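Peer 1: After the C-alpha cells below, expect a handful of questions from me.
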Amino acid sequence: TTRTPEFLGLGKSVSFFPASEKVSEVIIGVLDTGVWPELESFNDAGLGPVPASWKGECEVGKNFTSSSCNRKLIGARYFSKGYEAAFGAIDESQESKSPRDDDGHGSHTSTTAAGSAVTGASLFGFAAGTARGMAAEARVATYKVCWLGGCFSSDILAAIDKAVEDGVNVLSLSLGGSSPDYYRDNVAIGAFSAAAQGVFVSCSAGNGGPSSGTLSNVAPWITTVGAGTLDRDFPAYVTLGNGKKITGESLYSGKPLPDSLLPIVYAGNASNSTSGSLCLSSTLNPAKVAGKIVVCDRGGNSRVQKGLVVKEAGGVGMILANTEAYGEEQLADAHLTPTAAVGKKSGDAIKSYISSDANPTATISTGTTRLGVQPSPVVAAFSSRGPNLLTPHILKPDLIAPGVNILAGWTGGAGPTGLDSDKRHVAFNIISGTSMSCPHISGLAALLKAAHPDWSPAAIRSALMTTAYSTYKNGEVIQDVSNGSPSTPFDIGAGHVNPTAALDPGLVYDTTTDDYFAFLCALNYSSLQIKVISKRDFTCNGNKNYKLEDLNYPSFAVPLETPSTRGGEDVAPTTVKYTRTLTNKGAPSTYKVSVTAPKEVKIVVEPESLSFAEANEQKSYTVTFIASPMPSGSESFARLEWSDGKHIVGSPIAFTWT
Amino acid sequence: TEAQKSNRQLKKKTYVIHMDRTNMPQAFDDHFKWYDSSLKSVSNSAQMLYSYNTVVHGFSTRLTVEEAKLIEKQEGILAVIPEVKYELH
C-alpha cells in the first residue's frame with residue numbers, strides 16, 4: 001500500500017516500534033486465491049534465515065516450483081480437493097492447480113499484510129509512491145483455498161489445519177459465508193483451536209453493508225474487521241451541457257474523451273429490460289447508446305462489468321451513479337471505458353438534467369491522485385454492519401481499517417478489472433472491500449506480536465480495539481458514507497485502528513480459552529457441541545451461572561427487552577450487570593473510569609478506580625446498566641474509558657431494545 | 001416423484017466428519033485407520049479428501065444423505081457438517 005502506512009502513523013519513528021529482526025520472526029498465513037511470487041513485494045532482500053520454528057513448504061504445481069518461495073514468501077500451499085469434489089477436476093487451462101494466484105485477490109491481501117517495500121509503485125500512475133505491507137519485514141505463507149468456483153469449507157479447514165501445524169503466528173481470512181451456529185461453522189471451529197494455540201485470526205466482516213445485521217465471521221475468538229476510507233481519492237470530472245461540473249472518481253487511464261460535449265443518455269431509457277438502468281449484460285439498446293455517454297445505476301453486477309456492457313453496446317463513456325443504498329460512497333475502478341463514479345446526489349442531478357433537456361450532453365475527464373481528503377476515515381457503505389444476529393451480546397465488527405481504494409500487489413494472470421477482456425498487466429492494483437481491511441489488521445497484529453511476543457491473540461485484539469478511535473480530531477464521530485450520518489458501534493465496533501497507540505495500550509482484556517468455554521456454556525451448548533469446537537472434554541458446571549455478559553471482551557453489547565416482549569405492562573427499568581477483567585501491560589499505574597451514557601440508560605461502574613502495582617496484574621470491575629423501557633427497534637450507544645492520564649482504554653457500548 | 005427422491009438420496013455431497021479421538025476404540029492403534037474404518041463402514045466407495053489433525057480431528061469425504069446419517073450415529077463421531085461455500089470479500 002502506498003498511503004496507509006502514513007495514514008496509520010506507521011511512517012513516524014516511535015520508540016516502542018518493534019525492530020525489523022523481531023518483525024521478521026513473525027509469520028502471517030493468508031488463506032486466499034494464492035500468490036504471484038514474482039512480485040517485487042515478495043523481494044527478500046535484507047531478511048535473515050527463515051525462522052527456525054517454520055515447518056511449512058513451498059508446494060510444487062503448475063507454474064510453481066520450490067524456488068518460487070524465498071526468505072519473504074516462506075510457504076505456499078494449495079487445497080483443492082473439496083473444490084474438485086464439488087466441481088470436477090480443475091481445468092488447468094483456466095486456473096493453476098498450484099499455489100499460483102490466477103485471480104489477484106490473494107496477491108493483494110498478502111502484500112497488504114506483509115509486502116516488502118517497493119519504490120515507484122502505482123496503478124497507471126495513480127496512488128504513486130512506495131508500496132509496503134503493514135508488517136513489511138514479516139514472513140508470508142499463502143494457502144490457496146479459493147478457486148474460480150468459490151472457496152469450500154473442507155479446503156479452508158484443511159488450510160487452517162496445515163497453517164497452524166506449519167507454525168504461522170497470524171491467520172488472515174478475507175472470505176466468509178453464512179454463519180450457522182459456531183459448532184456448525186468449520187471456519188469458527190478451526191479458528192478456535194488456532195487461537196487456543198496462540199494464533200491471531202483476523203477475518204473480514206463482509207460486504208453486506210449498509211444493511212444492518214449483515215456480518216460474517218462473528219465468533220468472539222475471531223477479530224472481525226470492517227472497512228473505512230483513506231484520505232485519498234482519484235477524481236474524475238463530469239461536465240454537463242448546462243455548464244454544471246461534477247466530481248466523481250475513476251482509475252480510467254486509456255484514451256480520453258474529447259473536450260467537446262457528447263450526447264448523454266440514462267440507461268433506464270435505453271433498454272427494454274425492467275432493470276435496464278443497471279447496465280446488466282446485453283440489456284442496452286445499441287441504437288440508443290451508440291456514441292453516447294451512458295448513466296448506469298450501481299448494483300446488480302460488478303462496477304467494471306457495467307462499463308464493458310456500455311462499450312459493447314457502442315457507448316463511449318459511463319457515469320456510474322450510486323443509488324440510495326450506497327449514498328455518497330465513491331469507489332475507484334480501473335475501467336475499460338472513460339468513467340466517473342458519482343454519489344447519489346450527483347447521480348440524481350445528472351438524471352434530472354437528462355430528463356429536463358431535449359438534447360442532453362456531457363463529457364468526462366480523469367484527474368490525478370488527491371491526498372489529504374477530509375473527513376477521513378469514513379465508513380464504507382459496503383462494510384457489513386451489526387448487530388451480531390448470532391450472539392447479540394457480542395458487539396461486532398470489532399474495528400475498522402482501511403479497505404477502500406487500496407493499492408497492493410496483483411497477479412500477472414489477470415487484468416486489474418478481472419474481466420476476461422482486460423488484457424492489461426499490472427504489478428499493483430487498486431481495489432476495495434473488507435477483504436482489503438482484514439489484512440491491514442493481520443499485518444498490524446504481526447507488528448504487535450513482534451513487539452510483545454508473549455501476548456495472547458486476545459491481548460493483541462484488545463490492544464487494537466481499546467486504542468481505536470471513533471472520532472476525528474475535531475471531536476466529531478466518524479461518518480458513515482452511506483448516509484452522511486455519524487457512525488455507530490454497529491458500523492465501526494471500537495473504531496478505526498490506531499497502531500502506534502495499540503503498541504502501548506496500558507491495559508488489555510486478555511480473554512482466555514477458559515473464558516471462551518464459559519461463553520459456550522452460557523450459550524447452553526452441550527458437552528458434545530463444545531467438543532466439536534474445542535476438541536476438549538468440557539462439562540459446564542450445573543451449579544455455575546454462566547453469563548454471556550461476562551465474556552471478557554473489549555466491547556459491550558447490551559440487548560434489552562421491551563415491556564411487551566417481557567410479557568406485561570411493566571415499565572420499570574431493566575438492570576443488567578456485566579463483569580470484565582483488565583490485565584496490566586504497562587508500568588504500575590492507577591486508572592480511573594469515565595462513562596458517556598445516553599439518557600435512556602444509567603451506567604454504574606464499580607470500582608471507579610483500579611490500581612495496578614505490577615505488570616500482568618489483573619483487576620476486575622462490574623458495569624451495571626439500568627435501562628429505561630424503549631420501543632422495540634430502538635438503539636442507543638455509550639462509551640466507557642479507563643485512563644491513567646497516559647493511556648486511554650476505551651470500549652464502545654451498544655444497546656438494543658427488541 | 002419417488003425416482004427423484006431416490007436420485008437425491010444417492011447424490012453425494014461433501015461433509016466434514018469431526019471425530020472424538022479420546023473415544024477411539026482400542027482395536028485401533030492409529031487414528032487414520034480408525035477414520036478409514038468408520039468411513040468404510042458406511043460406504044465402500046467413499047474416499048477421504050482430507051484428514052485433519054491439528055485444529056480439528058476428523059476427515060472430509062463425499063457421502064449420500066443416508067450415509068451421512070449412518071455415520072453420524074457411530075460411536076466416536078462428534079459431528080457431520082455439510083460443505084459450505086464461502087466467498088471472497
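The values are calculated or read from the model by the stated rules, or taken from the named source; none is laboratory data. What you see is a predicted model, and the numbers here were worked out from it, not measured in a lab. Backbone-built Cβ (ideal geometry, glycine too); neighbour counts: all protein chains shown.
Peer 1: May I ask you to list the residues in the range A:228-242 that are under 19 Å from A:PRO360 (Cα atoms), part of a loop (DSSP other than H, G, I, E, B) and hydroxyl-bearing (Ser, Thr, Tyr)?
Peer 2: Result: no residue meets the conditions.
Peer 1: Kindly establish whether A:GLY29 is among the small types (Gly, Ala, Ser), within 14 Å of chain B (Cβ to nearest Cβ), surrounded by 14 or more Cβ atoms within 10 Å (Cβ to Cβ) and within 26 Å of the chain's Cα centre (by Cα).
Peer 2: yes
Matching residues to (1) surrounded by 24 or more Cβ atoms within 10 Å (Cβ to Cβ); (2) in a helix (DSSP H, G or I):
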{"site": "A:THR109", "(1), (2)": "yes, yes"}
{"site": "A:ALA113", "(1), (2)": "yes, yes"}
{"site": "A:GLY120", "(1), (2)": "no, no"}
{"site": "A:ALA128", "(1), (2)": "no, no"}
{"site": "A:TYR143", "(1), (2)": "yes, no"}
{"site": "A:ASP155", "(1), (2)": "yes, yes"}
{"site": "A:ALA158", "(1), (2)": "yes, yes"}
{"site": "A:LYS162", "(1), (2)": "yes, yes"}
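Peer 1: Which one of A:THR471, A:THR466, A:THR511 is out of contact with any Asp or Glu (no Cβ under 6 Å at 6 or more places or on another chain) and over 30 Å from B:VAL55 (Cα atoms)?
Peer 2: Sole residue among the options that is out of contact with any Asp or Glu (no Cβ under 6 Å at 6 or more places or on another chain) and over 30 Å from B:VAL55 (Cα atoms): A:THR471.
Peer 1: I'd like to know if the range A:189-201 contains one or more residues that are touching a residue at least 24 places away in the same chain (Cβ under 8 Å), away from chain B (no Cβ under 11 Å) and closer than 19 Å to A:CYS438 by Cα.
Peer 2: Yes: the range A:189-201 contains one or more residues that are touching a residue at least 24 places away in the same chain (Cβ under 8 Å), away from chain B (no Cβ under 11 Å) and closer than 19 Å to A:CYS438 by Cα.
Peer 1: Something else about it: Looking only at the range A:202-220, which residues are polar (S, T, N, Q), surrounded by fewer than 24 Cβ atoms within 10 Å (Cβ to Cβ) and more than 10 Å from chain B (Cβ to nearest Cβ)?
Peer 2: Result: A:SER211, A:SER212, A:THR214.
Peer 1: Among the residues of the range A:40-71, which ones are within 14 Å of chain B (Cβ to nearest Cβ) and surrounded by fewer than 16 Cβ atoms within 10 Å (Cβ to Cβ)?
Peer 2: A:LYS55 - this is the single residue of the range A:40-71 that is within 14 Å of chain B (Cβ to nearest Cβ) and surrounded by fewer than 16 Cβ atoms within 10 Å (Cβ to Cβ).
Peer 1: I'm checking my understanding of the structure. Among residues of the range A:574-601 that are out of contact with any Ser or Thr (no Cβ under 9 Å at 6 or more places or on another chain) and polar (S, T, N, Q), which one is farthest from A:ILE626 (Cα to Cα)?
Peer 2: Top of the filtered list is A:ASN584.
Peer 1: Continuing with the same structure: Restricting attention to the range A:499-512, does a residue exist that is surrounded by fewer than 17 Cβ atoms within 10 Å (Cβ to Cβ), touching a Gly at 6+ places or on another chain (Cβ under 8 Å), over 21 Å from A:LEU551 (Cβ atoms) and not aromatic (Phe, Trp, Tyr)? Quick ask: steps written out before the conclusion?
Peer 2: Taking the range A:499-512 first, the residues surrounded by fewer than 17 Cβ atoms within 10 Å (Cβ to Cβ) are A:500, A:512.
Then keep just the ones that are touching a Gly at 6+ places or on another chain (Cβ under 8 Å); that gives A:500.
Checking which are over 21 Å from A:LEU551 (Cβ atoms) leaves us with A:500.
With not aromatic (Phe, Trp, Tyr) added as a condition, the list becomes A:500.
Yes, because at least one residue in the range A:499-512 is surrounded by fewer than 17 Cβ atoms within 10 Å (Cβ to Cβ), touching a Gly at 6+ places or on another chain (Cβ under 8 Å), over 21 Å from A:LEU551 (Cβ atoms) and not aromatic (Phe, Trp, Tyr).
Peer 1: Take residues that are over 22 Å from A:THR488 (Cα atoms), in contact with a Leu (Cβ under 6 Å, 6 or more places away or on another chain) and modelled with pLDDT of 95 or more and tell me which of the strands (runs of 3 or more DSSP E) falling wholly in the range A:546-599 contain 1 or more.
Peer 2: A:574-584, A:589-596
Peer 1: Under the condition of being surrounded by fewer than 24 Cβ atoms within 10 Å (Cβ to Cβ) and polar (S, T, N, Q), which residue from the range A:437-495 is farthest from A:LEU173 (Cα to Cα)?
Peer 2: A:ASN474
Peer 1: Here's something else I'd like to know. Return the residues of the range A:314-330 that are crowded, with 24+ Cβ neighbours inside 10 Å and within 26 Å of A:PRO258 (Cβ to Cβ); say none if nothing qualifies.
Peer 2: Passing the criteria: A:GLY315, A:GLY317, A:MET318, A:ILE319, A:LEU320, A:ALA321, A:GLN330.
Peer 1: Still on this structure, please answer the following. Looking only at the range A:155-176, count every residue that is closer than 16 Å to B:SER60 by Cβ, among the small types (Gly, Ala, Ser) and at the interface with chain B (Cβ under 7 Å from one of its Cβ atoms) and tell me the total. Before you say what the answer is, go through the steps one by one.
Peer 2: Just the residues of the range A:155-176 that are closer than 16 Å to B:SER60 by Cβ, to begin with: A:155-162.
Keeping just the survivors that are among the small types (Gly, Ala, Ser) gives A:158-159.
Applying the additional criterion that residues be at the interface with chain B (Cβ under 7 Å from one of its Cβ atoms) yields A:158.
Selection size over the range A:155-176: 1.
Peer 1: How many of the residues making up the range A:221-241 are among the hydrophobic types (A, V, I, L, M, F, W, C) and within 14 Å of chain B (Cβ to nearest Cβ)? It would help to see each step written out before you state the result.
Peer 2: Step one: filter the range A:221-241 for residues among the hydrophobic types (A, V, I, L, M, F, W, C), giving A:221-222, A:225, A:227, A:230, A:234, A:236, A:238, A:240.
Next cut, within 14 Å of chain B (Cβ to nearest Cβ) only: A:221-222, A:225, A:227.
So the answer is 4.
Peer 1: Let me ask another. Return the residues of the range A:328-349 that are of a type in the set (Asp, Glu) and more than 24 Å from the chain's Cα centre (by Cα); say none if nothing qualifies.
Peer 2: The one that is of a type in the set (Asp, Glu) and more than 24 Å from the chain's Cα centre (by Cα): A:ASP348.
Peer 1: Now, a different point. I'm trying to understand the selection: among the residues of the range A:433-456, which are away from chain B (no Cβ under 14 Å) and either within 30 Å of A:TYR326 (Cα to Cα) or part of a loop (DSSP other than H, G, I, E, B) (or both)?
Peer 2: Across the range A:433-456, the qualifying residues are A:GLY443, A:LEU444, A:HIS452, A:PRO453, A:ASP454, A:TRP455, A:SER456.
Peer 1: Here is a follow-up. Would you confirm, using the coordinates I've provided, whether A:PRO457 is touching a strand residue (DSSP E or B) at 6+ places or on another chain (Cβ under 7 Å) and more than 25 Å from A:GLY129 (Cβ to Cβ)?
Peer 2: Spelling it out, A:PRO457 is indeed touching a strand residue (DSSP E or B) at 6+ places or on another chain (Cβ under 7 Å) and more than 25 Å from A:GLY129 (Cβ to Cβ).
Peer 1: Residues of the range A:72-92 being of a type in the set (Phe, Trp, Tyr), more than 14 Å from A:ASP161 (Cα to Cα) and more than 10 Å from every other protein chain (Cβ to nearest Cβ), which ones?
Peer 2: Result: A:PHE87, single match.
Peer 1: OK, next. Give the number of residues within the range A:1-49 that are basic (Lys, Arg) and in contact with a Lys or Arg (Cβ under 7 Å, 6 or more places away or on another chain).
Peer 2: At the first step, the residues of the range A:1-49 found to be basic (Lys, Arg) are A:3, A:12, A:22.
Now drop any that are not in contact with a Lys or Arg (Cβ under 7 Å, 6 or more places away or on another chain), which leaves A:3.
Looking only at that region, the number is 1.
Peer 1: Which residues, taken from the range A:478-504, are of a type in the set (Val, Ile, Thr) and either within 19 Å of A:THR656 (Cα to Cα) or out of contact with any helix residue (DSSP H, G or I) (no Cβ under 9 Å at 6 or more places or on another chain) (or both)?
Peer 2: A:THR488, A:ILE492, A:THR500
Peer 1: Please find, within the range B:29-63, the residue that is nearest to A:PHE152 (Cα to Cα) out of those that are β-branched (Val, Ile, Thr) and in contact (Cβ under 8 Å) with a residue 24 or more places away in the chain.
Peer 2: Kept after step one, since they are β-branched (Val, Ile, Thr), are these residues of the range B:29-63: B:42, B:54-56, B:61.
Within this subset, residues satisfying the condition of being in contact (Cβ under 8 Å) with a residue 24 or more places away in the chain are B:42, B:56, B:61.
Working: B:VAL42: 24, B:VAL56: 16, B:THR61: 13 Å.
That would be B:THR61.
Peer 1: Another one. If you take the residues in the range B:37-89 that are of a type in the set (D, E, K, R) and closer than 17 Å to A:PRO180 by Cβ, which one is farthest from the other protein chains (Cβ to nearest Cβ)? Give the derivation first.
Peer 2: Kept after step one, since they are of a type in the set (D, E, K, R), are these residues of the range B:37-89: B:40, B:62, B:66-67, B:69, B:72-73, B:75, B:83, B:85, B:87.
Now restrict to residues that are closer than 17 Å to A:PRO180 by Cβ: B:72, B:83, B:85, B:87.
On the way: B:GLU72: 11, B:GLU83: 6, B:LYS85: 5, B:GLU87: 6 Å.
Of everything passing the filter in the range B:37-89, B:GLU72 is farthest from the other protein chains (Cβ to nearest Cβ).
Peer 1: Next up: Could you grab me the full set of residues in the range A:184-204 that are in a loop (DSSP other than H, G, I, E, B) and within 16 Å of B:GLY58 (Cα to Cα)?
Peer 2: A:ASP185
Peer 1: Can you find even one residue in the range A:513-531 that is among the aliphatic types (A, V, I, L, M), touching a residue at least 12 places away in the same chain (Cβ under 8 Å), touching a strand residue (DSSP E or B) at 6+ places or on another chain (Cβ under 6 Å) and not in a helix (DSSP H, G or I)?
Peer 2: no
Peer 1: Okay, moving on. Within the set of pairs 6+ apart or on separate chains, which have a first residue in the range B:9-20 that is facing chain A (nearest Cβ under 10 Å), a second that is part of a helix (DSSP H, G or I) and among the hydroxyl-bearing types (Ser, Thr, Tyr), and C-beta atoms under 6 Å apart?
Peer 2: The qualifying pairs are B:THR14/A:SER154; B:VAL16/A:SER154.
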